[in-house]
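The numbers here are math on the coordinates, done by the rules we state, and not lab data. Predicted model only: the values in this text are computed from it and were never measured. Virtual Cβ from ideal backbone geometry, glycine too; neighbours counted across all protein chains shown.
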Amino acid sequence: MHTNRFALLVTAALVAGCNRPTPKADTAVADSQAVAAVDGYMAAWNAHDVARAASYFADSGVYLDASVGTPQVGRANAQKNVIQVFITAVPDCRWTRDGAPIVNRASDGVAFQWTFSGTNTGPWGDGTKASGKPFSIHGVTFLRLEQGKIKWQGDYYDALGFYKQLGMM
C-alpha cells in the first residue's frame, strides 16, 4: 500500500512537470538556484558538517520525518534532533540524489528521490546503542524553499526496512 502511494505521488509530480511550459531564462535561473540549494544541503550532510547543513534551514523551518510523525520546528531543533542525531549515529553517512529533482516554481517546491547509507557505529538520540550494521535505504524528500532556505522538509522512506537492516526488528 505504501509503495502504491509513493508511486502515485511520483507519477503525479512527473505528470505535472511534463505539462509545464518551456522555461524562460529567469525561471531556469530559479530552478537552478533551487537545485543548488538542495545540492549544497546534501553536500553539507555528506561532509558531516552539522552546522552547515542546519544553515540551509530557515529560522522557523520545519522538518518532518513521516515515520516519526512529530515535526521539528525551527533550525535549532532540526540541527539538534535530526542532523546531529543521524551524523552521530552514522558518522560515515552518505546521502545521494537518485536522478534529477522536480522543481515547482509556483510553490517553491522541490522533490527528489534519494539513497541514504552508512554504518550505525554511534548511539541514537534516544539512547539506543549502535548496532554496528551497515544499511542502505531509499526515500523521497519534499521541500518548500523560501529565499533559498528550507521552510518545510518532509522525508518519506521505508522505516521498517531500515530497522530490519539495523537488527532492531
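Can you tell me what the convex hull of the Cα atoms of the range 53-169 projects to on average, as an area in nm²? Walk me through the intermediate numbers first.
Details: hull surface 27.9 nm².
Directional mean of the projected Cα hull area for the range 53-169 stands at 7.0 nm².
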>> I want the local charge near Thr121. Using Cβ-Cβ distances under 15 Å, sum +1 for each Lys or Arg and -1 for each Asp or Glu among the other residues.
In response: +2
> Could you name the lysines in cross-link range of Lys164, using Cα to Cα under 26 Å and dropping any fewer than eight places away on the same chain?
Replying inline: Lys80, Lys129, Lys133
> How do the peptides 146-155, 123-132 rank, highest first, by the average count of neighbouring beta carbon atoms within 10 Å per residue?
Replying inline: 146-155, 123-132
> Within a Cβ distance under 14 Å of Gln79, other residues only, what is the Lys/Arg minus Asp/Glu net charge?
Replying inline: +2
> Based on DSSP, what percent of beta bridges with both residues in the range 29-169 are antiparallel, to the nearest 5?
Replying inline: 85 percent
